1. Can you tally the net charge around Ile254? Count Lys and Arg as +1, Asp and Glu as -1, for every other residue whose Cβ sits under 14 Å from the Cβ of Ile254.
2. Rank by packing, highest mean first: peptides 371-379, 134-142, with packing defined as the count of other Cβ atoms within 10 Å averaged across residues.
3. Loop only per DSSP, at most 13 neighbouring Cβ atoms within 10 Å: give me the chymotrypsin sites (Phe, Trp or Tyr not before Pro) in the stretch 282-379, ordered by residue number.
4. Sum -39500 (n - 2.57) across every DSSP H segment of at least 4 residues in the chain, then divide by the residue count to get the 222 nm mean residue ellipticity, nearest 500.
5. Could you grab the relative contact order for the chain? Cα pairs under 8 Å, six or more apart, rounded to a whole percent.
6. Any idea how far the Cα center of the stretch 246-310 sits from the one of the stretch 322-393, in Å?
7. Given a 1.4 Å probe and the protein chains all in place, what does the accessible area of Cys476 round to, in Å² to the nearest 10?
8. State the cysteines of the chain left without a partner when partners are defined as other cysteines whose beta carbon lies under 4.7 Å away.
Amino acid sequence: MVSTSLWMETEIFPEAGGLKGDVHCDVAVVGSGIAGISTAYELCKRDKSVIVIDRTGIVSGMTARTSAHLAPLCDDLMSEFRKLRGAENAKLFYESQAAGVDRIEEIQASEKIACDFRRLDGYLFQGHGMPANIIDQELEAVQEVGAPVHRLVGVPLKGCESRHVLRYPRQATFHPLKYLAGVAAVCEANGVRFFANSPVEEVAERDGAVTLRTAQGQITAGHAVIATNASIAERFQLHSKVAPYRTYVLAFAIARGELPDALYWDTEDPYHYVRLQTGPDDHDFVLVGGEDHKSGEANDADQRFARLESWARELMPALGKVTHRWSGQVLDTIDYAGFMGREPGSERVYLAMGDSGQGLTHGVMGAMLNTALILGEESSWQAVYAPDRKPLAAARNFLRENLTVLQNLAEYVTPGEIASLEELKPGEGAILRRGLEKIAAYRDKAGELHLHSASCTHIGCHLHWNSFETCWDCPCHGSIFAPNGQPINAPAVSALRPVER
Ligand SMILES: Cc1cc2nc3c(=O)[nH]c(=O)nc-3n(C[C@H](O)[C@H](O)[C@H](O)COP(=O)(O)OP(=O)(O)OC[C@H]3O[C@@H](n4cnc5c(N)ncnc54)[C@H](O)[C@@H]3O)c2cc1C
Ligand code: FES
């Protein structure tokens with residue numbers, strides 16, 4: 001089964017054309033995921049002229065691969081957040097994320113967007129064989145930030161009757177692409193211009209304006225918001241505080257009513273999660289996710305899906321067949337909050353990046369924050385997400401995540417994975433060594449070879465093949481490249497260098 005998410009059949013502006021020539025606007029938004037579209041919405045409602053530009057189709061990045069929990073408490077646990085960032089920041093984090101959920105609720109209601117939005121309970125339950133004191137520590141931290149919470153024993157999943165549990169009222173969920181299709185239509189009606197298939201190659205700030213250069217045109221704007229998931233404006237500093245993780249999702253059919261509609265996730269690391277999505281007729285879909293690993297450090301999706309499926313079937317015997325499976329990438333910052341706000345050293349460029357498994361709420365609250373800053377307003381959330389913050393308490397996480405870069409660069413002196421191109425079967429990719437060079441080699445299903453340098457065009461880390469998604473993953477800062485060498489996830493901007501056979 002090829003990688004397809006439950007949301008991908010909803011297309012948004014499939015007819016959007018590319019940028020040609022020079023255009024002007026008040027604010028240019030690079031990236032059309034939830035962060036970009038939400039930013040365009042907030043700004044056009046405040047009478048700004050806005051352009052949204054994307055490398056590929058509209059909303060075809062990680063937002064199309066999400067699992068759509070709208071949960072305002074830190075998914076790395078509030079107790080961990082408080083330990084690193086302190087009680088005041090923890091409170092502001094919760095309040096800002098909850099404001100993101102409220103904003104989605106308000107927008108879908110006021111704009112009449114049919115997107116299955118609903119409020120429901122969330123259950124954090126003790127992972128298999130894990131101590132109950134995690135639940136007690138978390139209870140204390142959650143109460144301290146002022147979130148509603150109830151301590152229980154037992155959750156409605158088989159074998160979990162005596163697990164310790166926290167129930168969080170007023171979490172939410174929705175169909176993210178139906179929601180964004182509605183928001184994008186409102187944006188367009190308010191004058192926002194959308195350009196697709198137009199990679200931004202350079203962001204430059206000069207003479208009181210920002211220019212965004214593409215191969216066939218240029219945008220000149222008063223301000224720019226870089227909502228490319230991982231920033232393309234900043235080369236290194238912020239990326240060293242963010243680590244990319246690949247994460248997996250299965251969708252199962254289930255008869256309606258077999259599982260109470262709620263969000264469920266456990267305390268394991270990486271954690272498993274479960275949620276329901278309305279399906280056709282008398283069936284719903286159950287989404288089950290987890291099995292995360294650092295990007296590029298494993299290429300064993302089938303085993304991961306098998307483990308997820310067996311975990312899910314044990315807890316939910318009523319599950320029917322698997323209908324979809326897909327993976328995606330999240331960016332974990334070393335101190336648990338994304339980078340939202342003015343880019344360090346810049347006057348007119350703003351960022352929305354590094355938002356982990358809570359990227360949907362980050363995208364929406366980041367849009368509110370960046371809009372306020374562009375309009376010259378103060379926001380109490382600024383310090384929590386400030387891109388120039390110095391997370392000293394997170395030094396251990398910094399060292400752990402950056403060890404990947406050192407280990408990765410050492411791979412340039414190791415042998416290739418194949419000794420000759422003849423070993424590659426159709427549909428396979430692998431690394432070949434040729435003299436001092438490492439080559440990313442892919443043979444497509446028709447037998448044609450695609451050869452590129454295995455050196456990531458961001459800052460040169462060594463790429464790894466991903467068989468399930470048919471792409472090259474960079475373990476350092478999350479760039480992803482298609483077999484033809486084109487980048488499909490930032491921070492990389494340039495294509496891989498082609499190599500002769
Ligand atoms: C499997 C999975 C499950 C998840 N579950 C949840 C969840 O339950 N709840 C939650 O809150 N979050 C969740 N997340 C995280 C969340 O979905 C993402 O963090 C969020 O969607 C990212 O949105 P974004 O707008 O920042 O990025 P994206 O949606 O990736 O959009 C960025 C856009 O920028 C474009 N771009 C990149 N470079 C350029 C360039 N040079 N020029 C022009 N355009 C460019 C890309 O083409 C892309 O369209 C999950 C993520 C995954 C993968
Ligand atoms: S993403 Fe930074 S080196 Fe590849």
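The values are calculated or read from the model by the stated rules, or taken from the named source; none is laboratory data. The shown structure was predicted, so the numbers you read here are calculated from the model rather than taken from an experiment. Quick reminder, even Gly has a Cβ in these numbers, built from the backbone with ideal geometry, and neighbours come from all protein chains shown. Accessible surface is based on the protein model in full, side chains and every heavy atom, while ligands, DNA and RNA are left aside. Shrake-Rupley method; radii C 1.70, N 1.55, O 1.52, S 1.80 Å.
1. Net charge around Ile254: -1.
2. 134-142, 371-379
3. Passing sites in the stretch 282-379 do not exist.
4. Values: 8 runs with 122 residues, N = 501.
That calculation yields -8000 deg cm²/dmol at 222 nm.
5. Relative contact order of the chain: 18 percent.
6. 26 Å
7. It works out to around 10 Å².
8. Cys25, Cys44, Cys74, Cys115, Cys160, Cys187, Cys471
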